[in-house]
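Engineer: Take this structure first; my questions come after.
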Amino acid sequence: MIKKIGILASGGDAPGMNCAMIGAIRAGYKLGKEMYVIKHGFKGLVEGEIEKVDRDYAKYSASMGGTVIKTARLPEFKEPAVQKKAIATLKKIGIDALIVIGGDGSYMGAKKLSEQGINCIGLPGTIDNDISSTDYTIGFDTALNTIVRAIDDINDTLSSHNRCGVIEVMGNRCGDLTLFSGIATHADFIITGDHPMNIDDLIAQLKELRKTNPDHATIVVSEKLLDTKALTDRIEKETGFEARLDVLGYVQRGGRPSAMERFNSTRMGAYAVQLLDKGIGGVCIGIVNNKLHYQDIYEALKTPRDKHEELYDDFALIQ
């Protein structure tokens with residue numbers, strides 16, 4: 001019987017992490033558990049930054065981005081000696097299980113602890129939407145809405161000057177934020193790692209577009225894919241457009257979580273406690289077709305990521 005459950009966030013912050021925590025805490029007390037938060041992720045776990053909380057801990061944080069229990073990265077957690085130190089800390093307090101909110105690296109840490117007797121559940125906390133065991137990760141919907149608002153604002157200025165804008169969007173290796181925001185804002189071109197574009201072809205198409213005297217042109221590009229400054233300079237030099245570059249940066253990671261973010265994150269947090277109460281660990285939670293489900297962490301990490309080929313086809317029709 002699991003009596004004490006800890007919650008931590010690891011890796012990059014994401015809107016909705018607080019809601020997942022609140023959902024877990026409230027479900028835990030409903031099921032008669034003692035609930036603990038661990039500050040600064042696995043780093044705080046190793047260093048003993050653990051606090052017992054009541055049912056109403058940080059309830060007003062539901063409307064806040066980021067995570068009130070803080071997060072950090074600890075690459076050393078993959079080392080068995082560091083894991084054993086974390087386990088010793090948990091056993092000293094009597095914590096039987098952990099809820100880990102984070103990305104694939106955090107999932108691996110959770111799985112390693114599960115294999116050593118600490119039941120762990122992973123929740124998909126990352127704006128990138130690069131975890132295959134769920135349709136949408138915690139933070140994705142809010143980040144997407146933030147990006148769409150930013151592109152809308154940028155388009156106002158681009159259209160006032162008949163300019164071309166290059167907008168660089170976060171997402172690491174995953175192009176979902178770029179693809180979804182590009183479609184939502186009717187971008188002229190979307191460039192991601194899944195669907196790269198020949199730059200000579202892009203320049204040629206912009207030259208043709210310029211002849212029609214368009215209101216403006218917008219190109220949405222995934223980060224780390226190409227030199228966006230060099231691309232912007234080349235567009236201005238060769239196409240007849242004035243061109244401007246906007247790198248949205250960390251504004252995409254923060255902000256108030258959207259209503260759907262709060263709703264789904266809270267559900268996942270509560271579901272994690274239900275699974276732990278049944279003795280289930282070493283799994284991660286997702287929402288697929290609007291239904292909660294869980295899957296072994298190793299199996300989830302091996303699942304190929306959806307590259308949304310049908311959405312690229314849809315974009316081709318409206319481009």
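Engineer: Indicate, rounded to the nearest 5 percent, the antiparallel portion of the DSSP beta bridges found entirely in the chain. Don't skip to the answer; put the middle values down first.
Structural biologist: Values: 10 of 42 bridges.
So the antiparallel bridges amount to about 25 percent of the total.
Engineer: If you don't mind, another one. Send over a whole-number figure in Å² for the accessible area per residue of the chain, probe 1.4 Å. List each step's numbers first, then the result.
Structural biologist: Numbers: 14260 Å² over 319 residues.
For the chain, the per-residue accessible area is 45 Å².
Engineer: With charges set only on the Cβ (+1 for Lys and Arg, -1 for Asp and Glu), what does the dipole of region 139-186 come to about its Cα centre, in debye to the nearest 20? All intermediate terms of the calculation are to be shown ahead of the outcome.
Structural biologist: Numbers: 3 positive and 6 negative charges, 24 e Å.
The calculation lands at about 120 debye.
Engineer: I'd like to verify something in the chain: which complete DSSP H helices, judged by Cα projection on the helix axis, reach 27 Å or more and average at least -0.5 on the Kyte-Doolittle scale?
Structural biologist: Helices meeting the criterion: 140-161, 259-277.
Engineer: What FRET efficiency, computed as 1/(1 + (r/R0)^6) with R0 = 25 Å and r the Cβ-Cβ distance, is obtained for residue 293 and residue 1, rounded to the nearest 0.05? Please list the in-between numbers first.
Structural biologist: Values: r = 24 Å, r/R0 = 0.98.
Efficiency at R0 = 25 Å is approximately 0.55.
Engineer: When only C-alpha pairs under 8 Å and at least 6 residues apart count, what is the relative contact order of region 29-133, in percent? List each step's numbers first, then the result.
Structural biologist: Details: 112 pairs, mean separation 21.7, N = 105.
The normalised contact order for region 29-133 reaches 21 percent.
Engineer: With springs connecting C-alpha atoms under 10 Å apart, model the chain as a Gaussian network and identify which of 309, 223, 51 has the largest mean-square fluctuation.
Structural biologist: Top of the fluctuation ranking is 309.
Engineer: If amide H atoms are built 1.01 Å from N in the plane of the peptide, which residues on other chains or at least 5 residues away come under 5 Å of the amide H of residue 97?
Structural biologist: Here the answer is 4, 6, since their amide H atoms fall under 5 Å of that of residue 97.
Engineer: Using a probe of 1.4 angstrom, how much of the accessible area of region 188-312 is carbon and sulfur, in percent?
Structural biologist: Numbers: 3340 of 6600 Å².
Ligands and nucleic acids excluded, carbon and sulfur give 51 percent.
Engineer: Tell me, what HN-Hα J-couplings in whole Hz come from the Karplus equation 6.51 cos²θ - 1.76 cosθ + 1.60 at θ = phi - 60° for each residue of region 187-198, using x for Gly and Pro?
Structural biologist: Running phi through 6.51 cos²θ - 1.76 cosθ + 1.60 with θ = phi - 60° gives 4, 7, 9, 10, 10, 10, x, 6, 9, x, 10, 5 Hz.
Engineer: Would you work out the relative contact order for the chain, in percent, from Cα pairs under 8 angstrom that are 6 or more residues apart? Walk me through the numbers on the way to the answer.
Structural biologist: Numbers: 679 pairs, mean separation 78.4, N = 319.
Normalised by residue count, the contact order of the chain is 25 percent.
Engineer: What's the ranking of 139-146, 280-287, 118-125, 204-211 by average number of surrounding C-beta atoms within 10 Å, highest first? Don't jump to the answer; show the numbers that get you there.
Structural biologist: Values: 139-146: 26.6, 280-287: 22.6, 118-125: 28.4, 204-211: 14.4.
For the peptides 139-146, 280-287, 118-125, 204-211, the packing ranking is 118-125, 139-146, 280-287, 204-211.
Engineer: State which entries of 3/39; 39/92; 59/111; 85/224 exceed 27 angstrom in Cα-Cα distance in the structure shown. Numbers along the way, then the final one.
Structural biologist: Values: 3/39 20 Å; 39/92 17 Å; 59/111 29 Å; 85/224 36 Å.
Result: 59/111; 85/224 exceed 27 Å.
Engineer: So, one more: Counting only protein heavy atoms and a 1.4 Å probe, tell me what percentage of region 1-158's accessible area is made up of carbon and sulfur. Write down the numbers at each step before the final one.
Structural biologist: Numbers: 3140 of 6150 Å².
So the carbon and sulfur contribution to the accessible surface is 51 percent.
The values are calculated or read from the model by the stated rules, or taken from the named source; none is laboratory data. Computed from a predicted structure; not experimentally measured. A quick note on method: Cβ atoms are made from the backbone with ideal geometry, for glycine too, and the neighbour counts reach across all protein chains shown. Ligands, DNA and RNA are excluded from the accessible area calculation, which covers all protein heavy atoms including side chains. Shrake-Rupley method; radii C 1.70, N 1.55, O 1.52, S 1.80 Å.
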